[in-house]
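Below is one structure, written out as structure tokens, with a few remarks after it.
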Amino acid sequence: MKTKAISSFFVLFAIAAGVVAMTPGAFADHSEVTIVPTQGSGAPGCEEVEYGCYIPGVATVDLGGKVIFLNDDSAAHTFSAGTAADGPTGEFDTSMVMAGQSYEWTADVAGEIDYFCMVHPWMVGLLIVQEVEAVEEEVHDEVHDDMSEEMHMSEEMHMPEGDASATGMLSDGTMVSVWTSAPAAGEAMEISIEFKDAEHVNHDIMVTQNGEEVLHDEGAHHHKGTGTHTTAPLSSSDPVDITITFTGYGTDDPKTGPIGEEVVFTNVVPEFGTIAMMILAVAIISIVAVTAKSRVIPRF
């Protein structure tokens, strides 16, 4: 009876402190991937961010898996394997895909495939087709090692100074903080993430604004625990909701850590201030044991 009372106290204290309780989720699935052009990519500008003209800009699919090229932009596009400089390479070519239409391709060749839009040649993306038995992170490391500090999901980024816009915690005690630029209509938002004192962090990130998805990156890998992501241009200056799904530590499978846990931040605005996380590890254990099917979401 006394033990139960102590556990309940820690649960209540954790909720009061604004802790994000975690819910196990599914393992990453690369049997199918959907690629869409960034909204407004028919005009130059998206190329200022590496692979910024497609979402996700760097996509991964298993050999034999399905790739869906969905054009939800207002302009017509092609998704053509190759580069504007050297021309098509032949692995796939959707021809013209009109707004609202899609094209499916079965990944029948392994490797890294550059692709671009023949109509808008500044639009470039990278598709990684991996053997089912391959270690996914070996490919991601090769891609990210070549990226500069200004690139999408950069591993060697300079973290912003000042208080984080929001802070949460994984059940293993790892602090998860985000910094965001100010939301503005017609402009992309930059989101910086830090998994404090962690290395080789893998995660997915979903960002929505007023229920509309503006970013969905899967399979991100941050060598030093820090990275940046860029949304599509926002429709308003309203705050955003951010969901970070942790997919493990390491570059080899099986990965470690509280895989599948979600850190959910709602109504995030820049420089809100770091959330105080004065809580003992036993409190997190109590949450997992007592509220296994629930999650506490801090609201900002």
Fill in: Among (1) closer than 20 Å to ILE242 by Cα; (2) modelled with pLDDT of 90 or more; (3) not aliphatic (A, V, I, L, M), the one test that CYS53 misses
(1)
Discussion item. So, ALA110, is that one surrounded by fewer than 20 Cβ atoms within 10 Å (Cβ to Cβ), more than 30 Å from GLY248 (Cβ to Cβ), not assigned by TED's automatic domain parsing to the domain that holds THR231 and not β-branched (Val, Ile, Thr) or not?
Written reply: no
Worksheet item: In region 178-223, which residue that is under 27 Å from PRO44 (Cα atoms) and polar (S, T, N, Q) is surrounded by the most Cβ atoms within 10 Å (Cβ to Cβ)?
Response: THR180
Worksheet item: Of the residues that make up region 44-62, is at least one part of a loop (DSSP other than H, G, I, E, B) and at positive phi?
Response: yes
Discussion item. Name the single residue that is nearest to ALA232 (Cα to Cα) among those in region 165-202 being β-branched (Val, Ile, Thr) and in a strand (DSSP E or B).
Written reply: ILE191
Practice prompt. Could you check ILE55 against (1) within 22 Å of GLU212 (Cβ to Cβ); (2) surrounded by fewer than 20 Cβ atoms within 10 Å (Cβ to Cβ) and say which number it fails?
Written response: (2)
Worksheet, complete the sentence: Expected single match for outside the structural domain of THR228 (by TED's automatic domain parsing), in contact with a strand residue (DSSP E or B) (Cβ under 9 Å, 6 or more places away or on another chain), of a type in the set (Ser, Thr, Tyr) and under 24 Å from GLU190 (Cα atoms) among TYR115, TYR51, TYR103 is TYR51
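Answer with yes or no whether MET175 is farther than 17 Å from GLU262 by Cβ, buried (at least 17 other Cβ atoms within 10 Å of the Cβ) and touching a residue at least 12 places away in the same chain (Cβ under 8 Å). Break it down stepwise before answering.
On the way: farther than 17 Å from GLU262 by Cβ: no; buried (at least 17 other Cβ atoms within 10 Å of the Cβ): yes; touching a residue at least 12 places away in the same chain (Cβ under 8 Å): yes.
Answer is no for this residue.
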Practice prompt. Report, by residue number, each residue of region 252-267 that is touching a residue at least 12 places away in the same chain (Cβ under 8 Å) and over 25 Å from VAL207 (Cα atoms).
Written response: ASP252, ASP253
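The values are calculated or read from the model by the stated rules, or taken from the named source; none is laboratory data. Owing to the predicted nature of the structure, the values given are computational and were not obtained by experimental measurement. Here Cβ is always computed from backbone atoms with ideal geometry, including for glycine, and neighbour counts include all displayed protein chains.
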